[in-house]
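The values are calculated or read from the model by the stated rules, or taken from the named source; none is laboratory data. Predicted model, so just to flag it, every value in this text is computed and none were measured. Here the Cβ positions follow ideal geometry from the backbone for every residue, glycine too, while neighbour counts run over all protein chains shown. In case anyone asks, the SASA skips ligands and DNA or RNA and just uses the protein heavy atoms, side chains included. Shrake-Rupley method; radii C 1.70, N 1.55, O 1.52, S 1.80 Å.
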Amino acid sequence: MLKKLFTPTDMTVGSPWKGIIAFTLPMLIGNIAQQLYSTVDSIIVGRYVGDNALAAVGSALPILNMLLVLFIGVSVGANIMASQYYGARNREKLSGAIGTSITVTAISCVFLILVATPLIRPVLVLLNTPESILDWCTDYLTISLVGIAGMAYYNILSGIIRGMGDSFSTLIYLLVATVINTLLDIFFVAKLNMGVSGVALATVIAQMVSSVLCLIKLSKMSEAFDFGLKYLKPQASYVRTLIRLGLPSGATQAIMSSAMIIVQSLTNQFGELFIAANVVIMRVDGFAMMPNLSFGTAMSTYAGQNVGAGRYDRVTKGAKQGTIIAVLCSAVITLAILLFGKNLMGVFTETTQLVERSYELMKILAIGYIAMAVTQSLSGVMRGAGDTMTPMWISLITTVFIRVPLAYGISYLTRSPQLPVGRSECIQISLVTSWVLGALITTLFYGKGKWKNKAI
């Protein structure tokens, strides 16, 4: 039984909803563990350093997410290729796709470190980052960027492993890394007084451990593909496919990260208290969004394997069942946020004013998680089938043409002598509006069915 948990799963047979749930649960636990990375960071700096340090970590995250878009694109492309080639039982193509993905990731890491590191501080200044947290933000981002390989390789290698139906192994590796991250956080910050730099260093080390464990796992999966030096040489056909599948997903993340950075510039104008409140919200939001993200990835793997096997009847059946389950999970989470929100906020800080403000803003977002369940599930199906362009365009519309203008518009229209920048709720109102409209547009495009013609 234990050995079966670490074995790739064939999702082209059996009950769709049972297979989706069995695949999603370990991944959900793993995603929660991954979210604990940044959550523990926030708790440690908030309690041992102060609210300004908490704000510094939060202000740095949108920029860090932007730096990761390249690897997110490669990860999505690798996951789709792995799931479809595995579903088609094409050993040679699966081997070539995995080897190419590993090499492309290495080249990307070197490029990003050389190009992006000198730009960190100038970008922070450009975004109106308060002087009181500027140095902390710079240190956090610099250390995270230099150690980017750990985060990059974990995301890409775990995506490949999940593409072949094994979500349990990546869960174990994440749990190990989360424990390491927590212990190092406490040691570096509470014992050595390294502050924000200690938090970043702890995360880099933990992520490196998880990526090494994933690499070891792949090297032992000889029953599914060949793992050798000859496959590490990038092949043009796989690079093109990787770009075609991954570029739209990377662009989607870039769009979202760009919007976050633009909105962060507005957020920074509301002062340190509001910045810190948004950090707390993002931490709770990270956990609230986990089921949606997990179901989205599960639906991508499920769709990819069944498209590879030519089982489109199973894809549509599984899409319906998976989406319903995801919506029910999000409804429960929304209720929990409304009932126990203040208790959740109190984990991050003992400042009463910060807890109250965070809870008020979080209530605005709560209903949006149900809408995101629909978006993530159906987008996952389309991506798994090879249609990564449609989710990208939907993200572009909802983020660039709806969220950003709405945030700045509300801010401008609500200005007054008492509120010179306007009402700070504009940030959350614009976000939840984009989520709801995104769910409606995604459902419409999924129903059109053009994604069925995108298999690789």
For this session: May I ask you to list pairs of residues, at least six apart or on different chains, whose Cβ atoms are under 8 Å apart, with the first in the stretch 205-227 being assigned to a loop (DSSP other than H, G, I, E, B) and the second being hydroxyl-bearing (Ser, Thr, Tyr) and modelled with pLDDT under 90?
Result: Ala224/Tyr86; Phe227/Ser219
Exercise. Can you find even one residue in the stretch 104-115 that is more than 20 Å from Gly250 (Cβ to Cβ), without any contact (Cβ under 8 Å) to a residue 60 or more places away in the chain and either open to solvent by 60 Å² or more (accessible area, probe 1.4 Å) or small (Gly, Ala, Ser) (or both)?
Worked result: no
Exercise. Counting only residues that are open to solvent by 10 Å² or more (accessible area, probe 1.4 Å) and hydroxyl-bearing (Ser, Thr, Tyr), which one in the stretch 351-378 is modelled with the highest pLDDT?
Worked result: Thr375
Exercise. Among all residue pairs at least 6 apart or on different chains, which show Cβ distances below 7 Å where the first residue, located in the stretch 131-152, is over 12 Å from Val110 (Cα atoms) and the second is open to solvent by less than 50 Å² (accessible area, probe 1.4 Å) and modelled with pLDDT of 90 or more?
Worked result: Ile143/Val204; Ser144/Val204; Gly150/Val204; Gly150/Gln207; Gly150/Ser211; Met151/Gln207
Exercise. So how many residues does the stretch 427-439 have that are touching a residue at least 60 places away in the same chain (Cβ under 8 Å) and either open to solvent by less than 50 Å² (accessible area, probe 1.4 Å) or more than 19 Å from Leu266 (Cβ to Cβ) (or both)?
Worked result: 9
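Can you pull out the helices (runs of 4 or more DSSP H) entirely within the stretch 82-175 that have at least 2 residues that are of a type in the set (A, V, I, L, M, F, W, C) and within 20 Å of Ser237 (Cα to Cα)?
Those helices (runs of 4 or more DSSP H) span 91-116, 148-163.
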Problem set entry | Cβ pairs under 8 Å, 6+ apart, first in the stretch 256-281 and touching a residue at least 40 places away in the same chain (Cβ under 8 Å), second of a type in the set (Phe, Trp, Tyr) and not in a helix (DSSP H, G or I) | Val279/Phe348; Val280/Phe348
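Quick check on Glu92: is it open to solvent by 20 Å² or more (accessible area, probe 1.4 Å), more than 21 Å from the chain's Cα centre (by Cα) and closer than 30 Å to Tyr302 by Cβ?
Spelling it out, Glu92 is indeed open to solvent by 20 Å² or more (accessible area, probe 1.4 Å), more than 21 Å from the chain's Cα centre (by Cα) and closer than 30 Å to Tyr302 by Cβ.
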Problem set entry | Matching residues, the stretch 25-66, being of a type in the set (Val, Ile, Thr), part of a helix (DSSP H, G or I) and under 26 Å from Asn193 (Cβ atoms) | Thr39, Val40, Ile43, Ile44, Val45, Val57, Ile63
Exercise. For residues in the stretch 379-426 being of a type in the set (D, E, K, R) and within 15 Å of Thr442 (Cα to Cα), which is most open to solvent (accessible area, probe 1.4 Å)?
Worked result: Arg383
Exercise. So is Ile156 under 25 Å from Ala53 (Cβ atoms), open to solvent by less than 20 Å² (accessible area, probe 1.4 Å) and at pLDDT 85 or above or not?
Worked result: no
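Each row is one residue, and each column tells you yes or no for (1) at pLDDT 75 or above; (2) open to solvent by less than 10 Å² (accessible area, probe 1.4 Å); (3) touching a Ser or Thr at 6+ places or on another chain (Cβ under 8 Å); (4) among the hydroxyl-bearing types (Ser, Thr, Tyr).
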| site | (1), (2), (3), (4) |
| --- | --- |
| Ala33 | no, yes, yes, no |
| Asn52 | yes, no, yes, no |
| Ala78 | yes, yes, yes, no |
| Ser83 | yes, yes, yes, yes |
For this session: With the condition kept exactly as written, say whether any residue in the stretch 180-202 is touching a residue at least 12 places away in the same chain (Cβ under 8 Å), open to solvent by less than 20 Å² (accessible area, probe 1.4 Å), in a helix (DSSP H, G or I) and closer than 20 Å to Thr105 by Cα.
Result: no
